[in-house]
1. Divide by every residue of the chain the summed helix terms, -39500 (n - 2.57) for each DSSP H run of at least 4, and state the resulting mean residue ellipticity at 222 nm, rounded to the nearest 500 deg cm²/dmol.
2. Region 1-76: which trypsin sites (Lys or Arg not before Pro) are DSSP loop and have at most 12 other beta-carbon atoms within 10 angstrom?
3. Could you check how many percent of all C-alpha pairs in region 84-142 are farther apart than 14 Å?
4. Excluding same-chain residues fewer than 8 positions from residue 31, which lysines have a Cα within less than 17 Å of its Cα?
5. Please get the size of the charge dipole for the chain, origin at its Cα centre, with Cβ charges of +1 on Lys and Arg and -1 on Asp and Glu, quoted in debye to the nearest 20.
6. Please report, in cubic angstrom per residue, the volume enclosed by the convex hull of the alpha-carbon atoms of region 129-182.
7. Determine, from the Cβ-Cβ distance of residue 82 and residue 46 and an R0 of 25 Å, the FRET efficiency 1/(1 + (r/R0)^6), rounded to the nearest 0.05.
8. Taking Cα atoms of the chain, Rg/Rh with Kirkwood Rh, to two decimals?
Amino acid sequence: MERIAAEDVIVCDALPVTTCEVDTAGEGRQKLKELLDRSGIPHGEMILEQMKNTWGMRGAMLLDADSLKRLEPDHQRGVRATYMDVADSGDDRSQKNHFKEALVLATKVSSHKNIIGEICISDDPDYVTGYFASKELGYVRITKLKEMGCPDGGRIFLFRGSEEEADDCIRYLEHQKMLVRI
Ligand code: PML
Ligand code: MG
């Protein structure tokens, strides 16, 4: 538990949600590439390749979307987006709700001015739905991004900006307090 001042908390609305139904993980991957392309993010294939390196990280990869340079101070740990929650949390927390937790996280992450997109594939072997999220396209769920039983997964936050902005972005992702109205 940590006492925090109400004025330090930003309250905002969740990203709008849409769902893209796909039949195969290959189709889902193709959809991700299209969304990256529509967002003006080049090197879609190489960005998706980076997902091979997110397994086992506690946080997310923070990737410069243009140079593909990794910006996390500690590559093994990654950047952990924390200090966010649902604004009205009267609901039952006894069961993990992948979707709600991810929507809250994606809303916080995408609201930083230098984040131009996020890709997520769950690391839960039984959960194959993932998403792309950005300010412009909202939270786009993709119903299959890996095979059932596969433990791989992770998150990539796509960044565009200067080195100083990257420092500010990491501080924001890890420490800014935020409540999200769903
Ligand atoms: C969704 O259902 O919209 C995707 C949720 C991704 C969950 C990621 C995780 O926490 O494992
Ligand atoms: Mg998980």
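1. Working: 4 runs with 46 residues, N = 182.
Estimated from H runs of four or more residues: -8000 deg cm²/dmol.
2. Numbers: sites: 3, 29, 31, 33, 38, 52, 58, 69, 70; in loops: 3, 58, 69.
For trypsin sites (Lys or Arg not before Pro) across region 1-76 that sit outside H, G, I, E and B with at most 12 neighbouring Cβ atoms in 10 Å, the list reads 3, 58, 69.
3. Working: 972 of 1711 pairs.
In whole percent, the share of Cα-Cα pairs in region 84-142 beyond 14 Å is 57.
4. The qualifying lysines are 144, 146.
5. Charge dipole, the chain, about its Cα centre: 120 debye, nearest 20.
6. Working: hull volume 7.4 nm³, N = 54.
Convex hull volume per residue, Cα atoms: 136 Å³.
7. Numbers: r = 28 Å, r/R0 = 1.13.
For R0 = 25 Å, the calculated efficiency reads 0.30.
8. Numbers: Rg = 15.7 Å, Rh = 16.6 Å.
Answer for the chain: 0.94.
Read-outs: derived from the displayed coordinates by stated rules, not from any lab. Source: prediction; values computed, not measured. Quick reminder, even Gly has a Cβ in these numbers, built from the backbone with ideal geometry, and neighbours come from all protein chains shown.
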